[in-house]
Amino acid sequence: MQVPIYNLAGEAVREIDISDAVFAVPLNEALVHQAMVRQLANARQGTASTKTRGEVAGSTKKLYRQKHTGMARAGSRNSPLRRGGGITFGPKPRSYRQAMPKRMRQQALRCVLSAKAGDNELKILEDLKFEEPKTREMARILMALGANSSALVVTGGADSNVVKSARNLPRIKTLPANLLNVVDLLSCHLLLMTEEAVRKTEQLWGEKKPQEVEHASV
């Protein structure tokens with residue numbers, strides 16, 4: 001697949017070939033949804049906790065006698081029906097973690113990248129370097145590239161100047177290529193990747209050749 005590559009002024013300067021194995025995969029909505037739910041579930045801490053009537057501090061003495069009071073019978077003050085009592089069926093610490101095979105996670109990521117490329121929501125930059133953090137310059141570049149709403153900026157590796165230049169811009173997020181994930185891709189409207197990031201992505205999530213697999217297994 002051939003796509004245009006842009007300079008920092010938002011002008012298409014040339015075209016490059018990108019891997020169909022990563023950027024031209026048929027969309028599998030069920031797989032993408034499963035990967036998204038798994039990622040969100042694994043991000044949950046699961047530390048919410050409430051006390052049952054047996055764990056609340058307080059006397060277990062019967063509040064008043066059973067009969068001849070004109071009121072409904074009542075047990076201890078720890079009853080869930082009373083203020084300060086225990087919680088009925090409240091949350092307890094638990095793990096929300098979900099497992100998903102590595103190949104399925106990788107395929108889901110390829111599906112989302114392909115959807116971005118197919119919907120013209122992927123733009124590739126020649127390079128993105130800052131000598132020092134410049135939020136104004138980053139905003140100018142994003143405006144020139146048509147990033148009017150949310151955007152995800154992906155670089156080949158961690159670049160602190162790029163991160164600092166974009167962190168104060170609303171709905172703009174930066175990531176190195178090796179940390180690409182389904183949730184961040186689905187949360188943004190425009191995906192901006194440097195050419196280096198594209199090649200790193202193809203290297204990480206492209207289909208390996210048979211000889212590469214054999215070499216890796218040795």
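Points worth noting:
- On the basis of the beta-carbon distance and an R0 of 25 Å, Ser187 and Ala21 show a calculated FRET efficiency of 0.55.
- Here the sum of -39500 (n - 2.57) over DSSP H runs of 4 or more residues, divided by the residues of the chain, equals -10000 deg cm²/dmol at 222 nm, to the nearest 500.
- By the rule of a C-alpha distance below 24 Å, with chain neighbours fewer than 8 residues away ignored, the lysines paired with Lys123 are Lys134, Lys164, Lys173, Lys200.
- Dipole of the stretch 95-162, positive direction: furthest Cα of Gln107, Ala158, Phe130, with charges on the beta-carbon: Gln107
- 3J(HN,Hα) along the stretch 171-177, derived from phi through the Karplus expression 6.51 cos²θ - 1.76 cosθ + 1.60 where θ = phi - 60°, amounts to 6, 10, 10, 10, 8, x, 4 Hz, with x in place of Gly and Pro.
- Dimensions of the stretch 45-95 based on its C-alpha atoms, expressed as ranges along the principal axes with the largest first, amount to 50, 17, 13 Å.
- Helix 195-205 vs. the chain, principal-axis angle (Cα, 0 to 90°, nearest 10): 60 degrees
- Over the chain, relative contact order from alpha-carbon pairs under 8 Å, at least 6 apart, %: 24 percent
- Packing order of peptides 124-130, 157-163, highest average first: 124-130, 157-163 (average count of other Cβ atoms within 10 Å over each peptide's residues).
- Model label sites at Ser49 and Gln106, defined 7 Å from Cα along the beta-carbon direction, differ in position by 4.0 nm.
- Cα centroid separation, the stretch 111-163 to the stretch 11-73: 32 Å.
- Listed residues Lys123, Lys51, Lys164, most fluctuating in the chain (Gaussian network, C-alpha, under 10 Å): Lys51
- Inter-label distance for Glu126 and Gln98, nm, one decimal - labels placed 7 Å from Cα along Cα-to-Cβ: 4.3 nm
Computed from the coordinates by the stated procedures, all read-outs in this text should not be read as laboratory data. Predicted model only: the values in this text are computed from it and were never measured. Glycine also receives a Cβ, built like all others from the backbone with ideal geometry; neighbour counts cover every protein chain displayed.
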